[in-house]
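Below is one structure; the comments refer to it alone.
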Amino acid sequence: MLASSASLVMTVTLFPRRPPALWVWLHVCGSLMCMDAMSSRSREDLLRVLLDTAADLTALRDVEAVLQAIVRRTRAIVGSDMAYVSLNDAGRRETYIRASEGVATAAYRTIRMPLGTGVLGQVATGLAPYQTADYLTDDTIKHLPAVDEVVRAEGVYAIMGVPLTVVGRVIGALVVAERRPRSFSAEEVDIVDSIGTHAAVALDNSMRFEATERIAEDLGRQQERSAEELAVITDVLDLDRRLMDAVMVAPEVHRILRMGRSALGCDLQLLDPEGRVVVTATEDTAAAENIPPLPSATVVPVTAAAEQLGSIVAPVVLSDHDVTLLERVAVHVTLAMLFARAQEDTELRLQSELLDDLLEGRIAARERVERRMHHWGLRPTDGLFTIAIEAPMGEARRRLQAMRTAGVRGAMIVHRDHVCILTSDPHWRASLTRLFAERNWPLRAGFGGPSTDVRAIADAHRSAELALGSLTTLGREGVIDGSELGMLGALLDLDRRGHLPRGLTAIIDPLLDYDAARGTDLAHTAFHYLETDGNIARTSQLLHVHRNTIRQRLERITTLLGAGWDASPRRLEIHLALRVRQARGDLD
């Protein structure tokens, strides 16, 4: 979630009364962000800057102060010529610039455009971040002539923005722009998106607080509202203030839920996106797993930037007044979860840097690498296992988080198309088996090791990848040791690197050519026949055809490959050739 930044060792809280200190902070931050080489220490500093930004934004109650803080911090952190925030006008299906920093012309500062047009209108729809390196020449954008003239007068080329979303509702967009052509990196987009996620919640909170204060003032001035309505406003303000203090002191989800339970007088549960209980605030521990069916419960979503983080469930149907309180609890739970995720992402990034070096064999100083490993309790002398676990597309992060939550020990990252774990825990297999069974996930994993030398971890990882690839190719589940692949493992490794001589697998070309020309399945038949040690009955079961059909196919195979193809020594050569070609996908 967080991108790299330069090292920053100072933190200045943004308050309107201290502009000189603020501008010093912004200047230093903006200068340091332009550095290309960034250490892990710098990333930790950027995390601290972003967390401080989130804390400062959250602490502000004045809408204008929040808006100015957002654009100033964004511009400084990204190092852009300008930054601005737009708010959506739902009634007119438009978005308009409300606050800006670095914009020279009044016309640009007051741009108003329909949703779906330009970069600003496209981002404000809430679909996804969007950018262009040269706005005026970009034909993929829906242009408005009047807006193009304003952009040309301002001298803007590159524009990049992210939507501002709170509880599934798009409230506007956060945009940075340059007066020169520029393509913003994925890391820069992530940084702006991270700021935007926190800023949207803080802005929504400030707008709600300002609106609530305005209502309270009207009530006191006009004395036209009932005492009950005034009590609602008072309760919301009081709960909001206490929740904000809790988030600022210690952003813990369980603590926020307990405060919500105290205010509402009923148990609360936080569920993950799959509906599993994550945190419970209740006095009756026996009821922690009993989630009442709708409509006997009240459910409020917990979302950030259109991402569903989970939901909060109250076991009763709440009044409109209490639903409003529960929604405020959900907003602050969102903030706490975002703080936790930011810290977790930094931890994962540091692990990723270490494991990338180990898995790719980049070990310049062995002692230094081992010192970094000690941070996660990894010591080569304990014997290190390298594990490659299958992770379907889009599921890798969730499975990695589940393993961390379940207490799987060691360092772990998403590596290529799988999750990789480096651990010295001898019981890692039992932990993974139990976790995947509880989640009803198929477990496919290969491993190498244990290794007592950090320089052997790269080879252990290659063995683990080969083992995982074999399980995936054969459609089997389980955990296998890469060293058990033997000769096949060596051949697959040679083939993966393009070093396997063509002649070693050409022996089965007659079968593949025959199948391709006639639509038959002789290659699969030969493969399963040799895999089952010549068992015709088992082969017929695997291919779902009659035994006589298998016998007829074997006769045709003998005709194509010659007598004795299924006897030593040719049997081994043909079997290995079939295994290699299957791993390539030639038998599909």
Non-local amide H neighbours of Glu94 (under 5 Å, H modeled in plane, Pro and chain starts lacking H): which ones? Asp89, Leu115
Karplus 3J(HN,Hα) series, Hz, for the stretch 88-105 with 6.51 cos²θ - 1.76 cosθ + 1.60 (x for Gly, Pro): 8, 9, 4, x, 9, 6, 10, 10, 9, 6, 9, 8, 8, 9, x, 7, 8, 9
Residue-count net charge about Thr132 - beta-carbon cut-off 11 Å; Lys, Arg +1, Asp, Glu -1: -3
Candidate cut points under trypsin sites (Lys or Arg not before Pro) in the stretch 103-194, DSSP loop plus at most 15 other Cβ atoms within 10 Å of their own Cβ, are Lys142, Arg179
Cα centroid of the stretch 512-558 to Cα centroid of the stretch 405-443, whole Å: 38
Please arrange Met412, Met207 by how many other C-beta atoms lie within 10 Å of their C-beta, fewest to most. Met207, Met412
Amide H of Val302: which non-local residues (sequence gap of 5 or more, or other chain) have their own amide H closer than 5 Å, using H built in the peptide plane? Leu309, Gly310, Ser311, Ile312
So which trypsin sites (Lys or Arg not before Pro) in the stretch 396-439 end up in coil per DSSP with only 14 or fewer other C-beta atoms within 10 Å? Arg416
Sort Met113, Met259 so that the residue with the fewest other Cβ atoms within 10 Å of its own Cβ comes first and the one with the most comes last. Met259, Met113
Can you tally the net charge around Asp235? Count Lys and Arg as +1, Asp and Glu as -1, for every other residue whose Cβ sits under 10 Å from the Cβ of Asp235. -2
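Every number here is computed from the coordinates shown, using simple stated rules; none is lab data. Since the structure is predicted, the reported quantities are computational estimates derived from the model, not experimental observations. Every residue, glycine among them, receives a Cβ derived from its backbone with ideal geometry; neighbour counts consider all protein chains shown.
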